[in-house]
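Student: Okay, here's the structure, questions in a sec.
The values are calculated or read from the model by the stated rules, or taken from the named source; none is laboratory data. Bear in mind the structure is a predicted one, so any value in this text is a computation, not a measurement. A quick note on method: Cβ atoms are made from the backbone with ideal geometry, for glycine too, and the neighbour counts reach across all protein chains shown.
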Number of protein chains: 2
Amino acid sequence: MLHLIVKYMWWIPVVVLLSACATQPPLRGTGDLGIVIERATGQVQVIETSGRSSLAQVSGLGDLSHASVVFSRDGRYAYVFGRDGGLTKVDLLTARIVGRVVQAGNSIGGAVSQDGRLVVAQNYEPGGIKAFDADTLELVADVPAEFGSEGKRSKVVGLADLPGNRFIYSLFDANEIRVTDLSDPRNPKTERYPAGKQPYDALVTPDGRYYIAGLFGEDGLSMLDLWQPGQGVHTILPGYGRGEQALPVYKMPHLRGWAVAAGRAYLPAIGRHEVLVVELGSWKEVARIPVKSQPVFVMARPDGREVWVNFAFPDNGWMQVIDTFTNRLVDSFQPGRAILHLEFTPKGEAVWISARDDNKVAIYDTRSRQKITELPAASPSGIFFTSRAFRTGF
Amino acid sequence: MLHLIVKYMWWIPVVVLLSACATQPPLRGTGDLGIVIERATGQVQVIETSGRSSLAQVSGLGDLSHASVVFSRDGRYAYVFGRDGGLTKVDLLTARIVGRVVQAGNSIGGAVSQDGRLVVAQNYEPGGIKAFDADTLELVADVPAEFGSEGKRSKVVGLADLPGNRFIYSLFDANEIRVTDLSDPRNPKTERYPAGKQPYDALVTPDGRYYIAGLFGEDGLSMLDLWQPGQGVHTILPGYGRGEQALPVYKMPHLRGWAVAAGRAYLPAIGRHEVLVVELGSWKEVARIPVKSQPVFVMARPDGREVWVNFAFPDNGWMQVIDTFTNRLVDSFQPGRAILHLEFTPKGEAVWISARDDNKVAIYDTRSRQKITELPAASPSGIFFTSRAFRTGF
């Protein structure tokens, strides 16, 4: 018997090799990959935008309500931030979880450093930012958002990466913008800038120069010119709703760098049925565009010629499209029930739209604004493509 | 004997599978990959920018003097255009040539359609553009650049992709800009715009709105606003060298969309030791920045805060850096002998610089402007990273 085992032992490495071989998925590029969050089931779908198909489903990511995603600089890995403070690293090629830490009690997203070596989370509870090694998810820096004399900590919002492995973010409870330099992560250096009341989200322009924070506590926005930080924070569009009754806010709008088009920023007016248009640099109000309802995402098509807008409840089945050349609405349509998010392909020929209550992702041609196809998804929310890895401020 | 062969036939699929297994390289993302042209040997190196290393060398690409590269929308394949008219498709993951056609007598580059399905070559001889299926390299459209009554054909320069699967290019011999719509490749539709004398290269702004062609035959540049094509071509910076003796031109400068920073275009003055700065939209001349020699590439760091410039012979060992906030030179240094090209990493933390006569690629940190490392390469010229796949106008 032993004789037989020894005789056929050469089979062991062959079987191991064959198994390894059988489990390695085929080679493929990662430039057309992405993630769709399925919030109800705590799963994500790995999708590809060339053939417009779903490749795999990954589970075990915890609470994915309000989840967001950033990508490794090689486009292979997604870092998924869950509302429960979980940070999960997903290999898009094998569709497996390769790392997971529960790093806070309540987290709302993150960013990757310019050099790709750090993943940074912005946390509500305990308030602050934490930096992790992008390979191992080992904690390398913990920067609490302390303020006042009693060491209270603020919720952190509006985190974005900046050139030089720096990160910028806002303190909702402390009316402050902070910039933390993590080029030496063991020795973070933080600068503080007093800002307007209750910043709730923010954007960095694609060049990393201007940081604009939306304010919940006052009419107007806070702007910091990072090429002239000594000038401090300016208030822009002050009192844009002055003298008018504030509407109840059904859903906080989102601000991100993709709302910059044709040298202007297109901003959701909080609690109002308007998109505000401001010229970068001069900060003059260019236009107020009346829209159907309270805007949530205001996103420029990658060529900047159009801005697509979705809305808060009860009008969250609608999308509207603004022509940035005329600043007029050019289309209104209903892609499905409960439109939570949209993501343009890198060159903008198509847009993927999540319709939560229809359990589908609808894919539209951006030129004809006709639906190309749709994919089933369980209560889809955020959609994120790997091309984000190449952009500053995401 | 036959008995033995039949008995061990089960080994055949095992051996085939093992070979396939052994030859499949490990899975990896493609977002940090790129190509370095080794012009003297007709080879390319596949490189990666995370660990800053060379992964493989690929030969058999023909004449690679003045070669340029574009990428498939998934980032896996490089399309290499050789001066001899060869179009070679290289798989970056396996480092193998997977397709090659000799499609013209003399070609100077190409572009990929917005939807990623077409690769288009711009040709000197015979003058025109040709579109190929991005998967198979099958010819799907041939659009000659005919002009005049006798069916002469012009050299084509300054090709760039536009939204809507359109392509824009200039006719050196016909003083014209043309836009060809290839959304139905079997039925190309071309529009013609009379332009200045002898356009020699061009750029599209990153949003795809403005096309600017440099002119060899007159002082000034030709600009077409693609959001208002009915207005036709305008001359901008007319007579920028007026009243001064033209210098002999040692090397034609290059124009590409990466010269746009902070709402302005930074343009090499042909035959002059100057970089011209013009405001987009108003087309006012903002500055003329004196530089060491005749500029060749004028490239914005991805954050737009700096513009890096290399030069024609005899000063082609120098680089200069312009601060776009002050429009002043902030650095001059010599990375090596015969600097032919430079390419920034997608988020701009590093720049790769080819030094042909030192047979090396030098990699610099863009913040400290100190050299990080260098890689050997045989007479390197162009350097191209896969992040180009996500940008319009490349």
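Student: If you check A:GLN334 against the conditions, is it touching a Gly at 6+ places or on another chain (Cβ under 9 Å), free of Cβ contacts under 8 Å to residues at least 60 places away in the same chain and more than 30 Å from A:GLY51 (Cβ to Cβ)? Outline the logic, then answer.
Tutor: Numbers: touching a Gly at 6+ places or on another chain (Cβ under 9 Å): yes; free of Cβ contacts under 8 Å to residues at least 60 places away in the same chain: yes; more than 30 Å from A:GLY51 (Cβ to Cβ): no.
In short, no.
Student: Report every pair of residues separated by at least 6 positions or lying on different chains whose Cβ atoms are under 9 Å apart, first residue within the stretch B:139-165 and closer than 27 Å to A:VAL351 by Cα and in a loop (DSSP other than H, G, I, E, B), second hydroxyl-bearing (Ser, Thr, Tyr) and modelled with pLDDT of 95 or more.
Tutor: The qualifying pairs are B:PRO163/A:THR366; B:GLY164/B:SER183; B:ASN165/B:SER113; B:ASN165/B:SER183.
Student: Find all pairs meeting these conditions: Cβ atoms under 6 angstrom apart; at least six residues apart or on different chains; first residue within the stretch A:93-106 and touching a residue at least 24 places away in the same chain (Cβ under 8 Å); second residue small (Gly, Ala, Ser) and surrounded by 17 or more Cβ atoms within 10 Å (Cβ to Cβ).
Tutor: A:VAL102/A:GLY85; A:VAL102/A:GLY86; A:GLN103/A:GLY85; A:GLN103/A:ALA121; A:ALA104/A:GLY85
Student: Of all residues in the stretch A:321-376, how many are among the aromatic types (Phe, Trp, Tyr) and more than 24 Å from A:VAL69 (Cβ to Cβ)?
Tutor: 2
Student: Does B:LEU118 meet the test of being within 28 Å of B:GLY164 (Cβ to Cβ), touching a strand residue (DSSP E or B) at 6+ places or on another chain (Cβ under 6 Å) and within 14 Å of chain A (Cβ to nearest Cβ)?
Tutor: Working: within 28 Å of B:GLY164 (Cβ to Cβ): yes; touching a strand residue (DSSP E or B) at 6+ places or on another chain (Cβ under 6 Å): yes; within 14 Å of chain A (Cβ to nearest Cβ): yes.
Yes; evaluated as a whole, the condition is true for this residue.
Student: Hey, can you tell me all the residues within the stretch B:306-331 that are more than 13 Å from B:ARG369 (Cβ to Cβ) and in contact with a Ser or Thr (Cβ under 7 Å, 6 or more places away or on another chain)?
Tutor: Within the stretch B:306-331, B:VAL307, B:PHE311, B:ALA312, B:ASP315, B:TRP318 meet the criteria.
Student: Name the single residue, out of those in the stretch B:272-282 being under 25 Å from the mean Cα position of the chain (by Cα) and closer than 18 Å to B:THR324 by Cβ, that is farthest from the other protein chains (Cβ to nearest Cβ).
Tutor: Checked the stretch B:272-282; the qualifying residue farthest from the other protein chains (Cβ to nearest Cβ) is B:GLU274.
Student: Here's a follow-up. Of the residues B:VAL296, B:VAL330, B:VAL309, which single one is of a type in the set (A, V, I, L, M, F, W, C), part of a strand (DSSP E or B), farther than 30 Å from A:GLU349 by Cα and within 14 Å of chain A (Cβ to nearest Cβ)?
Tutor: After applying the criteria, what remains is B:VAL330.
Student: Among the residues in the stretch B:367-375, are any closer than 20 Å to B:THR41 by Cα, away from every other protein chain (no Cβ under 14 Å) and assigned to a helix (DSSP H, G or I)?
Tutor: no
Student: In the stretch A:142-165, what count of residues is obtained for those that are touching a Leu at 6+ places or on another chain (Cβ under 7 Å) and within 14 Å of chain B (Cβ to nearest Cβ)?
Tutor: 2
Student: Return the residues of the stretch A:27-48 that are of a type in the set (Val, Ile, Thr), in a loop (DSSP other than H, G, I, E, B) and more than 8 Å from every other protein chain (Cβ to nearest Cβ); say none if nothing qualifies. Please lay out each step first, then the result.
Tutor: Keep residues of the stretch A:27-48 that are of a type in the set (Val, Ile, Thr), which gives A:30, A:35-37, A:41, A:44, A:46-47.
Restricting the remaining residues to those that are in a loop (DSSP other than H, G, I, E, B) gives A:30, A:41.
The answer is A:THR41, and nothing else.
Student: Which ranges mark the strands (runs of 3 or more DSSP E) fully within the stretch A:184-255 that have 1 or more residues being among the acidic types (Asp, Glu) and either under 24 Å from A:ALA111 (Cβ atoms) or away from chain B (no Cβ under 14 Å) (or both)?
Tutor: The qualifying strands (runs of 3 or more DSSP E) are A:189-194, A:199-204, A:221-225.
Matching residues to (1) crowded, with 23+ Cβ neighbours inside 10 Å; (2) modelled with pLDDT of 95 or more; (3) closer than 24 Å to A:GLY82 by Cα:
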position	(1), (2), (3)
A:ARG337	no, yes, yes
A:ILE353	yes, yes, yes
A:THR373	no, yes, no
A:PRO376	no, yes, yes
A:SER379	no, yes, yes
A:ILE383	yes, yes, yes
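Student: Go through the stretch B:54-75 residue by residue and tally those that are outside any strand (DSSP E or B), surrounded by 24 or more Cβ atoms within 10 Å (Cβ to Cβ) and within 14 Å of another protein chain (Cβ to nearest Cβ).
Tutor: Of the residues in that region, 3 qualify.
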